[in-house]
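The structure appears right after this line, and notes come after that.
Every read-out reported here was derived from the displayed coordinates using simple, explicitly stated rules and does not represent laboratory data. All values derive from a computational prediction rather than experimental measurement. Glycine also receives a Cβ, built like all others from the backbone with ideal geometry; neighbour counts cover every protein chain displayed.
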Amino acid sequence: MTLVRKGECKRCGQCCRAMFLAVLGDDVQVEWLRARGLTIHPSPDPDFYDSVEIPQVCANLHHYQPDGAICGLHDDGKPIACRDWPHIPADLETVRDCGFYFEEAPDA
Ligand code: SF4
Ligand code: SF4
């Protein structure tokens with residue numbers, strides 16, 4: 001099944017307030033991350049890694065704009081990882097009411 005991303009950004013800024021990085025290590029690394037106070041999110045999909053949540057607000061995030069949170073980088077300077085977020089449905093479990101959603105692609 002192929003999923004496609006639909007919708008548009010509502011500029012709520014939630015996805016810019018923490019980083020979710022794949023946990024590539026073993027139980028020793030997970031124990032260490034938890035001991036540092038970080039949260040591990042189990043992947044709902046066995047084909048993807050669990051992720052660690054790092055509560056770091058992006059330095060480029062500007063709030064209190066009339067139309068919502070604003071990225072301080074221009075489109076051509078914004079990281080591809082930001083432009084393409086959410087990448088997978090599991091990303092949406094880290095925010096509430098994102099303007100994007102996923103749909104099954106129509107048959108080719
Ligand atoms: S959580 Fe969704 S709607 Fe909010 S800023 Fe990120 S991409 Fe846009
Ligand atoms: S670079 Fe822009 S879009 Fe990416 S996390 Fe920072 S504020 Fe958000």
Margin query: Could you go through the range 32-50 and let me know if any residue there is within 29 Å of Lys78 (Cβ to Cβ), among the aromatic types (Phe, Trp, Tyr), in contact with a strand residue (DSSP E or B) (Cβ under 6 Å, 6 or more places away or on another chain) and within 16 Å of ligand 1 (Cβ to nearest atom).
Written below: no
Check: Counting just the residues of the range 6-30 that are within 26 Å of Tyr101 (Cβ to Cβ) and out of contact with any strand residue (DSSP E or B) (no Cβ under 8 Å at 6 or more places or on another chain), which one comes out farthest from ligand 2 (Cβ to nearest atom)?
Finding: Lys10
Checklist line | Residue count for the range 1-37, restricted to those that are surrounded by 15 or more Cβ atoms within 10 Å (Cβ to Cβ), aliphatic (A, V, I, L, M) and touching a helix residue (DSSP H, G or I) at 6+ places or on another chain (Cβ under 9 Å) | finding: 2
